[in-house]
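Any read-out appearing in this document is the output of simple, stated calculations on the displayed coordinates, not a laboratory observation. Quantities reported herein were computed from a predicted structural model and do not represent experimental measurements. Methodologically, a virtual Cβ is constructed for each residue, glycine included, from the backbone with ideal geometry; neighbour enumeration extends over all protein chains shown.
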Amino acid sequence: MAWVEDWTIAAGCRGMDPDELFVQGAAQNRAKVVCATCPVRTECLADALDNRVEYGVWGGMTERERRALLRRRPEVRSWRQVLEEARDAYLERTGGVLLVPEAPREHVAVEVAAEVDLVDGFEPQNQVAVGLSA
């Protein structure tokens, strides 16, 4: 699957009030629901991680979750490269099928990481298969 350079055009949150994405507490879970089925969630997350974006929900992860990931993986120089390679490997392994949550849950960020093999051995529950074209 090709990396989408201008990912903001295809973002699930495009046209939304930014105040709905730059929230705290339980409201972050509502923002994550938008990210759960976004076609450019990986690109969005990579952009936020590479640019050390401090606020808001990006790619299904809160600022706290992104900070934790950055602390766990300080050696990563390009999150775009890491996430792109992992997504390609995942899609190759699954025959081009991406598993997305059927009913987005509170911990969507874990599923984002699982889709790109950052969480070893994680098997998301309640999935539906979505065919992707390259």
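Order the peptides 8-20, 24-36, 40-52 from the highest to the lowest mean number of other Cβ atoms within 10 Å of their residues.
On the way: 8-20: 12.2, 24-36: 16.3, 40-52: 20.8.
In decreasing order of mean packing, 8-20, 24-36, 40-52 become 40-52, 24-36, 8-20.
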The range 1-74: chymotrypsin sites (Phe, Trp or Tyr not before Pro) falling in loop per DSSP and having at most 13 other Cβ within 10 Å: TYR55
Sum of side-chain charges, ALA11 neighbourhood, beta-carbon under 9 Å (Lys, Arg +1; Asp, Glu -1): +1
